[in-house]
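Visitor: Quick one: structure below, then a few questions.
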Amino acid sequence: MDRVQNIIDRYLGAGKEALLSVLQEIQEEEGYLNAESIHKVSYCLGIPENRIYSIATFYDQFKFSPRARKTIRICEGTACHIMGSSLVAREIKKQIGIEPGQRTKDNEYELEFVECMGACSQAPAMEINDRYYNKVTPEKLRQILEHLSNFEE
């Protein structure tokens, strides 16, 4: 039995209220939600696939394609925007050549804007693979990217 089916089986009988938990666990296990997994969830929990997609696309946490090795998320909330998140995004374009919604050809980096990270007093905020960085400036971003590159060598 595969890992996705094991996750679904733990929630059988829990009803439709378990959908978000199932999707979160599948994404944690697989890295994203693929069509096959959504089909299995639909069949086993009795929820139409279009309803699952409708719910999953509402939340920005769910992804429908494999992630890059490093996912950079920049807060675009009001405080972060005012404090220079666009300068950080511009520096990312300069350093690694991508804009929000894009990934590098080698699948090393992808960049996305998010509405709010809840770190308004520490703006602008950024996250790379679940590690948060606050008061990010273009110079601090260069140091972070250099550190990531050196750490992997």
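Visitor: Students often get this wrong, so try it: which of (1) 31; (2) 12; (3) 46 is percent of Cα pairs over 29 Å apart as calculated from the structure shown?
Guide: It is the one labelled (1).
Visitor: Treating the angle as unsigned and between 0 and 90°, give the value, to the nearest 10°, between the Cα long axis of helix 85-96 and the longest Cα principal axis of the chain.
Guide: 90
Visitor: With each run of n ≥ 4 DSSP H residues scored as -39500 (n - 2.57), what mean residue ellipticity at 222 nm is computed for the chain after dividing by its residue count and rounding to the nearest 500 deg cm²/dmol?
Guide: Rounded to the nearest 500, it is -14500 deg cm²/dmol.
Visitor: Pairs to check: 105/140; 16/135; 40/93; 16/105. Give those whose C-alpha atoms are more than 30 Å from each other in this structure.
Guide: Listed pairs above 30 Å: 16/135; 40/93; 16/105.
Visitor: Output the 0 to 90 degree angle, nearest 10, between the alpha-carbon long axis of helix 19-30 and the longest principal axis computed from the alpha carbons of the chain.
Guide: The helix 19-30 is inclined about 60 degrees to the chain.
Visitor: For the chain, calculate the relative contact order in percent as a whole number, restricting contacts to Cα pairs under 8 Å that are 6 or more residues apart.
Guide: 19
No value in this document is a laboratory result; all are computed from the given coordinates. As the structure is a computational prediction, the values presented were derived from the model and not from experiment.
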